[in-house]
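Structure first, commentary second.
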Amino acid sequence: MKKKLFTTVFALLLCACLLAGCGSAAAPAAPAQQEAPASESAPAEEAAPAEEAAPVEETAPVEEAAPEAEPDRDLPVRVYTLNGTTGFGMAGLIAEAGEGKAALNYSFSVESDPSVVTAALVSGDCDIAALPTNAAAALYNKTGGKVQVLALNTRGVLYVLTDGSIEADSLEDLAGQTVYAPAQNPSFILEALCRARGVELTIDNSYAQPAELNAAAAAGQVALAVLPEPMVTVACSQNPNLKAAIDLSAEWDKVMEPGSLVQGCVVVRREFADAHGAELAVFLEEYGRSVALLEEDAASAAQKIEESGIFAKAAVAAKAIPRCNICFVTGEEMQRQLSVFLQSMFETAPQSIGGSVPGDDFYYIAG
């Protein structure tokens, strides 16, 4: 009985041990988190050996901007200008050059005929010139763009003179009248204004040159005449009955962009501009100061105008300067104002600007 009981207890203990061992073997370890295989069919790749860190590239030193070119103080710079208002702003610079105070090696020629100036630009005998704006545009078209405009130097200088027999305070007061005007620009500008304002009048070019019309007005041979300054001042001094009744610049501003009646400018040969930007920058700086002298000290400027041969009498020039509308306008403002004027001239008398409105490359815009 005892033997049987012992055998039974031993068997139970043996079963308990076996069951405990089986339980330990069945409990799996917590599975490690797996990454999704790139391809189920691809065999497992061996771990790639760690790559050596790529050497850090040294940053290339930042190059300093190239210094601006120094202007060549010995380079001959040949400047032509017309006598009259187109050349007034050049007088101070001509005087500085004569005294050896100018920054560049200038030579100046003062001419009375625009065709002489344009011929010098075409031949290469002139580098920079003061010209009427329509002549500059015509030269650009004639030469295929070989000139550029640097600056505007004269706005409107035209006035309607009356001998007192006709009351006229505005363009509309001239309706039905005969107005004498020199050929070319004065007539074209008056025609453009009358068209824009709806005024019908007769423009008479019997006195084709301004000097001829000036003499006729001073002698009392015409009742209404369009003349530029300083001839307006000259005529009025010779005939006390004459007065400048209508400012065509003011009339222009009523129907066009204000300030866009621009009659004079400074141009440069494109070849010179491309090769000598530093010298051009100096010229524009010095020319700007020369123009400013007219406003700062009209009497001194007038004396220089006479001495340079741009106008014969300093006293008349000094009196005329306030109505000559001399200016110095460059860059985008220059382009905007001049393009308005040239478009108007194209619509009125396309031949006056060479048959077409110049392109954007007509305008020298410094970088």
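The values are calculated or read from the model by the stated rules, or taken from the named source; none is laboratory data. Everything numeric in this text was worked out from a predicted model, so none of it was measured. Cβ atoms come from the backbone with ideal geometry, glycine included; neighbour counts cover every protein chain shown.
Summed over the stretch 258-273, the residues that are surrounded by fewer than 19 Cβ atoms within 10 Å (Cβ to Cβ) and within 16 Å of the chain's Cα centre (by Cα) give a count of 1.
May I ask you to verify whether Ala244 is farther than 28 Å from Phe188 by Cβ and either in the same structural domain as Ala223 (by TED's automatic domain parsing) or modelled with pLDDT of 95 or more (or both)? So Ala244 fails the test. Taking the criterion of being among the hydroxyl-bearing types (Ser, Thr, Tyr), at pLDDT 95 or above and in contact with an Asp or Glu (Cβ under 9 Å, 6 or more places away or on another chain), would at least one residue in the stretch 290-301 satisfy it? Yes: one or more hits. Checking each residue in the stretch 127-167 for being surrounded by fewer than 19 Cβ atoms within 10 Å (Cβ to Cβ) and farther than 22 Å from Gln351 by Cα picks out Asp163, Gly164, Ser165, Ile166, Glu167. Inspection of the stretch 252-262 identifies at least one residue that is acidic (Asp, Glu), more than 21 Å from Leu131 (Cβ to Cβ), part of a helix (DSSP H, G or I) and modelled with pLDDT of 95 or more. Of a type in the set (Lys, Arg) and out of contact with any helix residue (DSSP H, G or I) (no Cβ under 7 Å at 6 or more places or on another chain) - does that describe any residue in the stretch 306-315? Looking for residues that are of a type in the set (Lys, Arg) and out of contact with any helix residue (DSSP H, G or I) (no Cβ under 7 Å at 6 or more places or on another chain), one finds none in the stretch 306-315, hence no. Evaluated against (1) among the basic types (Lys, Arg); (2) surrounded by 16 or more Cβ atoms within 10 Å (Cβ to Cβ); (3) under 27 Å from Leu139 (Cβ atoms), Lys319 falls short on exactly one condition, (3). Would the stretch 85-93 turn up any residue that is in the same structural domain as Ala138 (by TED's automatic domain parsing), touching a residue at least 12 places away in the same chain (Cβ under 8 Å) and over 27 Å from Leu158 (Cα atoms)? No, there is no match, as no residue in the stretch 85-93 is in the same structural domain as Ala138 (by TED's automatic domain parsing), touching a residue at least 12 places away in the same chain (Cβ under 8 Å) and over 27 Å from Leu158 (Cα atoms). The residues on offer are Ala273, Ala217, and the sole one that is at pLDDT 95 or above, over 21 Å from Met334 (Cβ atoms) and either among the acidic types (Asp, Glu) or touching a strand residue (DSSP E or B) at 6+ places or on another chain (Cβ under 9 Å) (or both) is Ala217. Assess whether Ser112 counts as being closer than 22 Å to Gln184 by Cβ and exposed (fewer than 15 other Cβ atoms within 10 Å of the Cβ). Yes: the conditions hold for Ser112. From the list Glu306, Glu347, Glu279, Glu271, the lone residue that is assigned by TED's automatic domain parsing to the domain that holds Ala102 and within 30 Å of Ala196 (Cβ to Cβ) is Glu347.
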